[in-house]
Structures are given as C-alpha cells and as structure tokens.
Amino acid sequence: YSIGALFLIVLTMALRGRGRHEREQRQASLRRLSMVRGFAGVGLFAVNIPRNTFRIEASGQEIVGLPRETTLDAFIEAFDMEHRRALRDVFVAGGDEATTLVVSLLKTFSDGQERLLRLHLWGENSIWNDRIVYGLLIEVTAEYRREKELSRALKELSLRQERQSQLFSIVSHEVRTPASVLSMLISELDRGEDVDELRPQMREASSQLLTVLDDMRQAVNPEKNQRIKIAPYVP
C-alpha cells in the first residue's frame, strides 16, 4: 500500500509538472508571437459595440497610443477626421462580413509624415446578442510611401517618354525639309545644272540641317547647353 501510494504521489506530481511546463511553453510562445507582432507593426483588438468597450493587446497599444482598455469613441478619435465616419459605419453595421480599410492616424512621425494603418475587421453577434467586432491592424506607412514613390517615378518616366516621342516627331519633320532640299539639289546637279547657282541653296539647306541637329542635341541633353549670357548691345 505504501509503495502504491508513493507511486500515485509521484505520478500526480509528474503530471502536474508536465502540465505546468506545457502552460509555460504556451505562455512563452504567446510572448514570442507578441514580440514578433510588435516588430511587424501588427496589433489585435476587440470591440463590444453595445457596451462601447475596446480592448487591444500590447503591440497594438504602441502603434495606436491607447491604453489596454478604453472606449470605441477614443479609438475612433485616434484617427484622422476624414476617416472617422467610415470607421464608425463599419463598426456599427450589422452582419458577419469581413471588411478591410486603410486609415491615417492623427499621430504623425517626427518629420510630419502621416501614419497609415490597414484594418481588417470581422464582426459577429454573441450569445447575448451583443455585436462584437474583432480586428487586426497593420502599419503600412512604409509600403504606401514606396507605392507613392514608384507611382511618381512611373509618371515621370511616362511624361519623359511622351516628351521624347513628341520631340523626335517634330525633329524628324524638321530634318526632312532640308534633307529633301539637298536631295533635290543633288538631282539637279546630276542633270547638269550650274553648280554656282545651286551652291547658296545647298549651303542654306545644310546650315538649316545642322541647326536642327544642334537644337535636337540641346533638347535631348539640356545639361550640356551653354549658359545664356546677357550683354549690352548697340543696335
């Protein structure tokens, strides 16, 4: 009986120790996940609409700048004025559908740049018929900055290509005129026309062609143009 009782005591302690170890491991895993969410700029929260209660975990508190427990009104007032109405409509609307929207915080960076959050919301009715909204917030400021810079770069590139296309269209038209004149004069020379009579026209056509080519060079590489000098002139 003593050996059996001792065995039961040891087995009970071993099971309790194993259960405690598993709980500690789960808590440690949750702490690590919370740290990862903090590094990734991700926060979790839940809202009870009828009671006007709002709860958010640690990483979300750092992003939004709110305490762990507050009101839904305080959460909505943390965002820019133009997004508050849309936020309230999403929280109050019924149904179990999921919603995603991007909003900007009132709290900006030190350089004055706005902070953008993407909210993923999902609502349901509890067994007491209270509407509960669960949400995940992600800071996407850097992502939107990169998209904005990329969009601006693509716009500049498109504008530059359009200008180059217009430039080459105009230049090709301008080059064709003196080139056609030179071709016509050369044909007249082949038919035996007097060179002395055609020489001024050929010189004028070649000068016009060189002028057009020089204008093209200056338009394509404006940084290589000579600086304009202002000087007095007596007419």
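The values are calculated or read from the model by the stated rules, or taken from the named source; none is laboratory data. Values in this document were obtained by computation on a predicted structure and should not be read as measured data. Reconstructed Cβ throughout: ideal geometry from the backbone, glycine too, with neighbour counts over all protein chains shown. Each accessible area value is taken on the protein alone, full model and side chains, heavy atoms only, with ligands, DNA and RNA left out. Shrake-Rupley method; radii C 1.70, N 1.55, O 1.52, S 1.80 Å.
Sorting THR53, THR141, THR100 by accessible area (1.4 Å probe), largest first, what list results?
From most exposed to least exposed: THR100, THR53, THR141.
On the Cα set of segment 120-189, report Rg and Dmax in Å, please.
Using the Cα atoms of segment 120-189, the pair Rg, Dmax is 30.9, 103 Å.
Sort MET13, MET216 by heavy-atom solvent-accessible area, probe 1.4 angstrom, most to least.
Largest to smallest exposure gives the sequence MET13, MET216.
If all Cα-Cα distances of the chain are sorted into 5 Å bins from 0 onward, what percent lands in each bin, rounded to whole numbers?
Values per bin, smallest distances first: 1, 5, 8, 9, 8, 7, 6, 5, 5, 5, 5, 5, 5, 5, 4, 4, 3, 3, 2, 2, 1, 1, 1, 1, 0, 0, 0, 0.
In whole Hz and in residue order, list the ³J(HN,Hα) couplings for segment 8-17 that follow from phi through the Karplus curve 6.51 cos²θ - 1.76 cosθ + 1.60, θ = phi - 60°; x for Gly and Pro.
Calculated HN-Hα couplings, in order: 5, 5, 5, 5, 5, 5, 5, 5, 5, x Hz.
Rounded to the nearest 0.05, what FRET efficiency do THR108 and TYR233 give with R0 = 41 Å and r taken as the Cβ-Cβ distance? Could you check?
With a Förster radius of 41 Å, E is 0.15.
Heavy atoms only, probe 1.4 Å: what % of the accessible area of the chain goes to carbon and sulfur, would you let me know?
56 percent
For segment 98-235, compute Rg over Rh where Rg is the Cα radius of gyration and Rh is the Kirkwood radius from the inverse mean 1/r over Cα pairs.
Using Cα coordinates only, the ratio equals 1.45.
What spacing in nm lies between the two simple spin-label points modelled at GLU124 and SER169, each 7 Å away from Cα in the Cβ direction?
6.0 nm
So for HIS173, HIS83, what's the accessible-area order with a 1.4 Å probe, most first?
Accessible-area ranking of HIS173, HIS83, largest first: HIS173, HIS83.
Set the Förster radius R0 to 41 Å, insert the Cβ-Cβ distance between LEU150 and ARG23 as r into 1/(1 + (r/R0)^6), and round the FRET efficiency to 0.05.
0.30
If a paramagnetic tag sat 7 Å from the Cα of ARG84 along the Cα-Cβ line, which residues of segment 52-66 would have the backbone N under 20 Å from that point?
Residues passing the 20 Å test: 52-55, 64-66.
Taking 0.36 nm per residue of separation and subtracting the Cα-Cα distance, what length does fully extending GLU57 through THR12 add?
12.7 nm
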